[in-house]
Amino acid sequence: MIVCILRLEYLTFLQILNLVCSLDESKSPVLYGYFRSSCSWRVRIAFALKGIEYEQKSVNLIKDGGQQLTDQFKAINPMQQVPAVTIDGITLSQSLAIIQYIEETRPEPRLLPADPKQRGQVRIICDIIASGIQPLQNLYVLQKIGADKVQWAQHFINRGFEALEPILKQTAGKYCIGDEISMADICLVPQVYNAERFKVDMSQFPTIRRLNQTLIEIDAFKATHPSCQPDTPDDLQA
């Protein structure tokens, strides 16, 4: 009799646990980001391409010395960076990790090509941008550089684009990899936006410029643009 009662209680506990998990997974994802953060923009684009509704919570990287540096946000992301996303009952940080999770759990429409060689090309482009360009011109680094921040940012964006341009000449069709939108495109457009902010001469990179001009006309890229986010300041709104 005792065994039966324990089994019943155990089953009830499992049922409650499963119910809690299913309730978490039914909630809309929450994106902690900043309108002008290129990494946050990547995630917004991915959500838009997948047709996923989500809630945005602004983390102002400037106000009050940077809201990302508060203890409240550190509890969400110990690296004190945006983006972070709560989804399916877990919290994820790092834009590419977030996008890959979305891709693995919500595979349509796909953001990675079916062909393994093309997947490799996508990852090369993503890593050049996400590891070789953006971290060297993000807000934290530029604040440390000080007065020479524009020249610093221009140098590292130019250096990265000089590597990307010949790669994209070989891989591009309508988009970065052939004629399917991929994670590479999601990374490219926000980085071009940064380049334009720092007055990089984009005429040096005709393939990158062409791809960006094509992509920025797509609804998922337009709707997620920094100029039209809930936390975009009035003077920067489109």
### Interchain or long-range residues, amide H under 5 Å from Glu180's placed H
Tyr175
### Task
Whole number in Å², please: accessible area per residue of the chain, 1.4 Å probe, ligands, DNA and RNA not counted.
54 Å²
### Query
How large is Rg over Rh for the chain, taking Rg from the Cα atoms and Rh as the Kirkwood inverse mean of 1/r across Cα pairs?
1.06
### Estimated inter-spin distance, Arg197 and Lys27, nm [label 7 Å along Cα→Cβ]
2.9 nm
### Query
Tell me, how many Å apart are the Cα centres for segment 153-202 and for segment 67-140?
17 Å
### Query
What does the helix-only formula give at 222 nm for the chain: each DSSP H stretch with n ≥ 4 adding -39500 (n - 2.57), the total divided by the residues, and the result rounded to the nearest 500 deg cm²/dmol?
-17000 deg cm²/dmol
### Summary
In whole Hz, the Karplus estimates of ³J(HN,Hα) for segment 156-163 (6.51, -1.76, 1.60; θ = phi - 60°; x where Gly or Pro) are 6, 5, 4, 4, x, 5, 5, 7
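Per residue, how much space in cubic angstrom lies within the convex hull of the C-alpha atoms of segment 116-224?
Dividing the Cα hull volume of segment 116-224 by its residue count gives 94 Å³.
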### Task
Please go through the residue pairs Lys50/Lys199; Lys63/Lys144; Lys27/Lys174 and name each one whose alpha carbons sit more than 25 Å apart in this structure.
Lys50/Lys199; Lys27/Lys174
### Query
Karplus couplings for segment 118-128 from phi (6.51 cos²θ - 1.76 cosθ + 1.60, θ = phi - 60°), rounded to Hz, Gly and Pro as x?
5, 4, x, 5, 4, 5, 4, 4, 4, 6, 4
### Task
Please list the non-local residues whose amide H lies under 5 Å from the amide H of Gln229, H modeled 1.01 Å from N, same-chain partners needing a gap of 5 or more.
none
### Distance cut-off 17 Å, percentage of C-alpha pairs in segment 30-105 lying past it
37 percent
### Task
Measure off, as a whole percent, the carbon and sulfur share of the 1.4 Å-probe accessible area of the chain, all protein chains present.
54 percent
### Message
Between Ile167 and Gln154, what is the label-point separation in nm under the 7 Å Cα-to-beta-carbon projection?
### Response
2.4 nm
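The values are calculated or read from the model by the stated rules, or taken from the named source; none is laboratory data. As the structure is a computational prediction, the values presented were derived from the model and not from experiment. Note that we place each Cβ from the backbone using ideal geometry, even for glycine, and neighbour counts take in every protein chain shown. These area figures cover heavy atoms from the full protein model, side chains too; ligands, DNA and RNA do not enter into them. Shrake-Rupley method; radii C 1.70, N 1.55, O 1.52, S 1.80 Å.
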